[in-house]
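Only one structure is covered here, and it is reproduced in the block below.
FYI, it's all coordinate maths here, none of it is from the lab. For clarity, every value in this text was computed on a predicted model and none was experimentally measured. Note: ideal-geometry Cβ built from the backbone for every residue, glycine included; neighbour counts use all protein chains shown.
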């Protein structure tokens, strides 16, 4: 099956689709990512059914999921919310799950008290004149205080999962996990479990929610910082795990670029990106 077709889950499945850094400068973010061996998509402006979203992005497409780097470009309500989040901390503010049907997720979230906003029809034009189209479901502001937690239904995955965007020179293949900081990890995980339709479990000192592809891990700030080397104040999203062909080789590349890498192969990212990566082998996702 082509990689693009694998990004749309089968009926009844849920996957960790992407995470988003909110960044002040897409050019600086893109230059750093390219220096670390990633192929980065060109800048693309987002549009909703109501007009321009006031944001633009660049992405790192992976065999499993993707990484988004998003910046505010106007004074829309969406862009204003982004700037408010960026004043709290620089880094990852969005976790998105892939679903085969946005409409059903919207109904389920209504039933579970998350008061979802109306489904957003997002699109953006990419090189070659093709359009990427999504349906996005978001909880009401404040219902998920850790960040913008949402669902996406991909309507044209082939427009962005193009072979040239998957030719990374660092062996990174997939998005494996997201790390959430919470004052009460068990309580936060229980709320996310209702949002996701999952079952939280203990995973060492952390709490884990597994999807059909990827997982979400919850810990206190001290617990997550001990693992990743950096973490924002609660509530927040500290970073994520990247599944690598050779984590040690990519860690050496990051060190050579001047980034701090700890004994857990966690990379503290500079202000151009914010947050942290944990480099893991494919079999330990």
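Over the stretch 146-285, calculate the relative contact order: mean separation of alpha carbon pairs under 8 Å at least 6 apart, over the residue count, as a percent.
25 percent
Rounded to a whole number of µm²/s, how large is the Stokes-Einstein D of the stretch 173-284 at 20 °C and 1.002 mPa s, given Rh as the Kirkwood radius over C-alpha pairs?
D, rounded to a whole number, is 151 µm²/s.
Once the piece of chain linking residue 205 and residue 155 is laid out straight, how much longer is it, given 0.36 nm per residue of separation minus the C-alpha distance between them?
Gain on extension, residue 205 to residue 155, equals 14.2 nm.
Which order do the peptides 221-228, 126-133 come out in when sorted by mean C-beta neighbours inside 10 angstrom, highest first?
Taking the mean over residues of other Cβ atoms within 10 Å, the ranking is 221-228, 126-133.
Between 115, 189, 178, which gets the highest mean-square fluctuation from a Gaussian network model of the chain, Cα cutoff 10 Å?
Looking only at 115, 189, 178, the largest GNM fluctuation is found for 115.
Under the 0.36 nm per residue contour assumption, what length would be gained going from the current alpha-carbon distance of residue 75 and residue 233 to full extension?
That pair, residue 75 and residue 233, stretches by 54.2 nm at full extension.
Could the peptides 43-51, 201-209 be put in order, highest first, of the mean number of other beta-carbon atoms found within 10 Å of their residues?
Highest mean packing first, the order is 201-209, 43-51.
Relative contact order, percent, of the stretch 4-165 when contacts are C-alpha pairs under 8 Å separated by at least 6 residues? Walk me through the numbers before you get to the answer.
On the way: 337 pairs, mean separation 43.9, N = 162.
Rounded, it is 27 percent for the stretch 4-165.
Cα gyration tensor of the stretch 132-187, axes a ≥ b ≥ c as square roots of the eigenvalues: rounded (a/c below 1.5), prolate (a/b > b/c) or oblate?
Values: a/c = 4.23, a/b = 1.51, b/c = 2.80.
Because a/c hits 1.5 or more and a/b fails to exceed b/c, the stretch 132-187 counts as oblate.
Just to be sure I understand: if I project the alpha-carbon convex hull of the stretch 160-203 onto a plane and average over all orientations, what area do I get in nm²? Kindly include the intermediate steps, with their values, before the conclusion.
On the way: hull surface 20.7 nm².
Projected area, direction-averaged: 5.2 nm².
For the stretch 16-55, build the convex hull from the C-alpha positions and give me its volume per residue in Å³. Kindly include the intermediate steps, with their values, before the conclusion.
Values: hull volume 4.1 nm³, N = 40.
Looking at the stretch 16-55, the number lands at 103 Å³ per residue.
Would you mind telling me which residue in 79, 190, 256 has the biggest mean-square fluctuation in a Gaussian network model of the chain, where springs connect alpha carbons within a distance under 10 angstrom?
It is 256.
Quick one: grab the alpha carbon gyration tensor of the stretch 224-285, order the square roots of its eigenvalues as a ≥ b ≥ c, and give me rounded if a/c is under 1.5, else prolate or oblate depending on whether a/b is larger than b/c.
Values: a/c = 2.07, a/b = 1.32, b/c = 1.57.
Cα axes put the stretch 224-285 in the oblate bin.
Could you check the spin-label model distance between residue 183 and residue 13? Points 7 Å from the Cα along Cα→Cβ, value in nm.
3.9 nm
Label 7 Å along Cα→Cβ of residue 282; the stretch 204-218 residues with amide nitrogen under 17 Å?
Under cut-off, by backbone N: 213-214.
Counting only C-alpha contacts under 8 Å and six or more residues apart, can you give the relative contact order of the chain as a whole percent?
Once divided by the residue count of the chain, the mean separation gives 20 percent.
Within the stretch 4-165, what percent of beta bridges assigned by DSSP are antiparallel, to the nearest 5?
Close to 75 percent.
Given the chain, what percent of its DSSP beta bridges are antiparallel, to the nearest 5?
In the chain, approximately 70 percent of DSSP beta bridges are antiparallel ones.
Please express the shape of the stretch 45-180 as an equivalent ellipsoid: the semi-axes are the square roots of 5 times the eigenvalues of the C-alpha gyration tensor, given largest first in whole angstrom. Each step should come with its number before you reach the end.
On the way: eigenvalues 108, 63, 60 Å².
So the three semi-axes of the stretch 45-180 are 23, 18, 17 Å.
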